[in-house]
Amino acid sequence: MELVGSPLTATYAHPRSTPTKFLPAISTMASSYKNRFPYYPLPQSFSLPWMPSAYYKTAAINPTLAPFSKSSQGLTPSKMLPFVSNRTTLFTRYTPDDWYRSNLTNYKASETSRHNAERLRVDTSRMIQDKYQQTKKTQVESTKNLGERVNDIEFWKLELCRELDEMIGETNALTDMKKRLERALAETEAPLQVAQECLLHREKRMGIDLVHDDVEKQLFTEVDVIRSCQERMQRYLDKAKAQLASNRAAQHELERDLANKQAAHRIDDKCHHLRNTSDGISYYRGVERVDATISVPESWAKFTDDNILRSQSERAASAKLRDNIENLLVVTANEMWRQFNAVNVAFTNRIAETADAKSKIQTHLAKTLQEIFQIEMNIEAIRKAIRDKGPPLKVAQTRLDERTRRPNVELCRDTAQLRLVNEVHEIDETIQSLQQRLRDAEDTLQMLVRAKSVLEHDLAVKANSLFIDQEKCMGMRKTFPSTARLVGYI
């Protein structure tokens, strides 16, 4: 039987439920997970007062005595005092044994309550210490993990910065090489134009000098060599532009990854230095249930490693392309210079041949002119000789004509007659031979005149060829660019 006013047995294994008014109603909470209180309910011990009076019933005596009689209901207590002694006849009293047992029960209950309270205090103290150590250990581990994460990010940041610097340097070097290649390609236009103009000028040669000689062959070869060099330069220029685009793409990926790493490093470093006494810490309700991660450490490291490997691959390709362009510039410059020298040697030989031919033509022309003068003098002498034979012929014929008038027998064919006849025949033959010689001399003179005309024309042709090759062509070829210009340094 439970006595009125006896203490209840308190057990820590079954604590009382938390008062319903400890936390605000759910309808009054903010919709966001951020709150100034954690989402989990606090332990019940936080809501209990220091003295555990709530575990006890307040001992109170509430008498339920009925009035002794209906006549006493309306009386005041002072008027009922004389009837207190009569209670022994109305109610059952407790026995002394009940009183002792009640006291013993209360003592045992009090001792049990104190023992349970002591165990609860000891266990609670131990639990508080254990939880403190566990929380501290967990926080230390989290701080350590954050520190390791910061170190990992710092490592990859350094790798990205190093690779980014090298990529920027390689891109700048390739850009300079591309500019050199463009300058070298532009420098080939002048030699090509010179070679083409030389071919056009040499088309203005005249007569027999319009020949497909070694100079023309070398000029055609020079045009082919320059165009071949231009095609190779243009092909490598396109490769350089494509490689620059790839370098910039890899550089962009590195810069974006580095920017992300810097932001993550700033955030994780801030988290790493947060302490329980730091400013700005707060409750964020439900944040642990939000999983916004999109990678794991392996894929995270592989992403940056792939970016670095891609950048290294592009850098290697860029460096190889720069070496190829450098070799191409040297090879093309040597080819063009070698062909330029070959054309110049052919021009020099051809100019020497033409000058020698011109000199010989001038010599022959001088001799021809001298011979023409001599043959003209000879013709004049023949004509004078023919004229000189006229008077002797007239004398002989006159004599013969006069002797035909001799009378009768005096027309004797004497020695004088025979001699005069022979004289006339000799003079006629002499005139005939002189006239034949005059005709021969005149024919020879015509032949010499024609030879003179041919030599003069050929001399003009050679002079024109010399002017074209020596003055125009070789004059233009003096402006051939230097090796430094052909390799793009200037």
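The values are calculated or read from the model by the stated rules, or taken from the named source; none is laboratory data. Everything numeric here is computed off the predicted structure, so don't read it as measured data. Using ideal geometry, Cβ is built from the backbone for each residue, glycine included, and neighbour counts are taken over all protein chains shown. Heavy atoms of the whole protein, side chains included, go into the accessibility calculation; ligands, DNA and RNA do not. Shrake-Rupley method; radii C 1.70, N 1.55, O 1.52, S 1.80 Å.
The table below gives the values:
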{"quantity": "Unmet criterion (only one of (1) part of a helix (DSSP H, G or I); (2) open to solvent by 40 Å² or more (accessible area, probe 1.4 Å)) for S282", "calculated": "(1)"}
{"quantity": "Sole residue being charged (D, E, K, R), surrounded by 13 or more Cβ atoms within 10 Å (Cβ to Cβ) and over 22 Å from R149 (Cβ atoms), chosen from R310, R235", "calculated": "R310"}
{"quantity": "Scope segment 262-279; condition farther than 20 Å from K144 by Cβ and open to solvent by less than 70 Å² (accessible area, probe 1.4 Å); matching residues", "calculated": "A263"}
{"quantity": "Filter result for N145 (in a helix (DSSP H, G or I) and within 24 Å of D306 (Cα to Cα))", "calculated": "no"}
{"quantity": "Qualifying residues in segment 140-150 (those that are open to solvent by 80 Å² or more (accessible area, probe 1.4 Å) and not hydrophobic (A, V, I, L, M, F, W, C)) - the one farthest from A301 (Cα to Cα)", "calculated": "E141"}
{"quantity": "Some residue of segment 199-209 being out of contact with any strand residue (DSSP E or B) (no Cβ under 7 Å at 6 or more places or on another chain), without any contact (Cβ under 8 Å) to a residue 12 or more places away in the chain and not in a helix (DSSP H, G or I)", "calculated": "yes"}
{"quantity": "Tally, over segment 177-230, of residues that are under 30 Å from A242 (Cβ atoms) and touching a His at 6+ places or on another chain (Cβ under 9 Å)", "calculated": "0"}
{"quantity": "Hey, L418 free of Cβ contacts under 8 Å to residues at least 24 places away in the same chain and either over 30 Å from L365 (Cα atoms) or not in a helix (DSSP H, G or I) (or both) or not", "calculated": "yes"}
{"quantity": "Pick from segment 331-360, criterion touching a Ser or Thr at 6+ places or on another chain (Cβ under 9 Å) and open to solvent by 40 Å² or more (accessible area, probe 1.4 Å), ranking: nearest to A173 (Cα to Cα)", "calculated": "N334"}
{"quantity": "Some residue of segment 418-425 being closer than 30 Å to R450 by Cα and open to solvent by 70 Å² or more (accessible area, probe 1.4 Å)", "calculated": "no"}
{"quantity": "Test: residue in segment 254-276 that is touching a helix residue (DSSP H, G or I) at 6+ places or on another chain (Cβ under 6 Å), among the aliphatic types (A, V, I, L, M) and within 30 Å of F480 (Cα to Cα)", "calculated": "no"}
{"quantity": "Residue ID - farthest from I382 (Cα to Cα), chosen from residues in segment 396-415 that are part of a helix (DSSP H, G or I) and open to solvent by less than 50 Å² (accessible area, probe 1.4 Å)", "calculated": "R403"}
{"quantity": "Close pairs (8 angstrom Cβ cut-off, 6 or more residues apart or separate chains): within 12 Å of E335 (Cβ to Cβ) in segment 219-235, among the hydroxyl-bearing types (S, T, Y) and open to solvent by less than 50 Å² (accessible area, probe 1.4 Å) anywhere", "calculated": "I226/T188; C229/T188; C229/T332; Q230/T188; R232/T332; M233/T188; M233/T332"}
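Residue-by-condition table, conditions (1) surrounded by 12 or more Cβ atoms within 10 Å (Cβ to Cβ); (2) under 30 Å from Q218 (Cβ atoms):
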residue: T124; (1), (2): yes, no
residue: Q133; (1), (2): no, no
residue: I168; (1), (2): yes, no
residue: A173; (1), (2): yes, no
residue: A186; (1), (2): yes, yes
residue: P191; (1), (2): yes, yes
